[in-house]
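Working notes, beginning with the structure itself.
Laboratory data are not the source of any read-out in this text; all were calculated from the coordinates shown. What you see is a predicted model; the values in this text were computed from it and never measured. Cβ placement follows ideal geometry from the backbone for every residue including glycine, while neighbour counts extend to all protein chains displayed.
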Amino acid sequence: MKNKLKSHYHCVYNLNYHLVLVTKYRKKCFTKAILSRLEEITRGNCEKWDLELLEFGGEADHVHLLISMHPNVIPSKFINNLKTVTSRLIRKEFSDHLKKFYWKPVLWTRAYCLITAGDAPLEVIKSYIANQGK
């Protein structure tokens, strides 16, 4: 399957990124309910940034996202915003559960992994992300 080019005013682009976010100290604190809520929050945040969340998957200590971005978006700014928003809401909504793992208001490590999808078939990447935690 060929990746489709998108157009916007004076540019044609196809920017797909595989993003991995890891919990602080690699604590296995994510439950199915937390992962489900993280996906909801992430989809909403992507919509606000005019991005498309193509796939979301995760395990107890990390999440994978496949995101289609617009060239006007600075990936690091979006990622920092996403980490801030998800951390704040997840810590608020699941505080009793997360208190078992963290004594400070943290959720994510400071680092992240961002990989361009390049010419890799998106279906292969989607399948990999969808099978996280299975």
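Quick look at the values:
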{"read-out": "Conditions (1) surrounded by 14 or more Cβ atoms within 10 Å (Cβ to Cβ); (2) more than 14 Å from the chain's Cα centre (by Cα); (3) outside any loop (DSSP other than H, G, I, E, B); number of the one not met by residue 123", "value": "(1)"}
{"read-out": "Residue list for the stretch 23-51, filter: in contact with a His (Cβ under 9 Å, 6 or more places away or on another chain) and under 24 Å from residue 73 (Cα atoms)", "value": "49, 50, 51"}
{"read-out": "Members of the stretch 18-43 found to be within 20 Å of residue 80 (Cα to Cα) and in contact with a helix residue (DSSP H, G or I) (Cβ under 7 Å, 6 or more places away or on another chain), listed by number", "value": "18, 19, 21, 34, 37, 38, 41, 42"}
{"read-out": "Filtered residues of the stretch 40-60 (kept if surrounded by fewer than 17 Cβ atoms within 10 Å (Cβ to Cβ) and not hydrophobic (A, V, I, L, M, F, W, C))", "value": "40, 43, 44, 47, 48, 50, 52, 59"}
{"read-out": "Selection within the stretch 74-100 - part of a loop (DSSP other than H, G, I, E, B) and exposed (fewer than 15 other Cβ atoms within 10 Å of the Cβ)", "value": "74, 99, 100"}
{"read-out": "Count of residues meeting criterion [touching a Phe, Trp or Tyr at 6+ places or on another chain (Cβ under 7 Å) and surrounded by 14 or more Cβ atoms within 10 Å (Cβ to Cβ)] in the stretch 64-73", "value": "4"}
{"read-out": "Residue match in the stretch 74-94 (condition: in contact (Cβ under 8 Å) with a residue 12 or more places away in the chain, of a type in the set (Lys, Arg) and out of contact with any helix residue (DSSP H, G or I) (no Cβ under 7 Å at 6 or more places or on another chain))", "value": "yes"}
{"read-out": "Residue check, residue 42 β-branched (Val, Ile, Thr), within 13 Å of the chain's Cα centre (by Cα) and under 25 Å from residue 134 (Cα atoms)", "value": "yes"}
{"read-out": "Residues of the stretch 44-57 that turn out to be in contact (Cβ under 8 Å) with a residue 60 or more places away in the chain and under 15 Å from residue 83 (Cα atoms), as a count", "value": "1"}
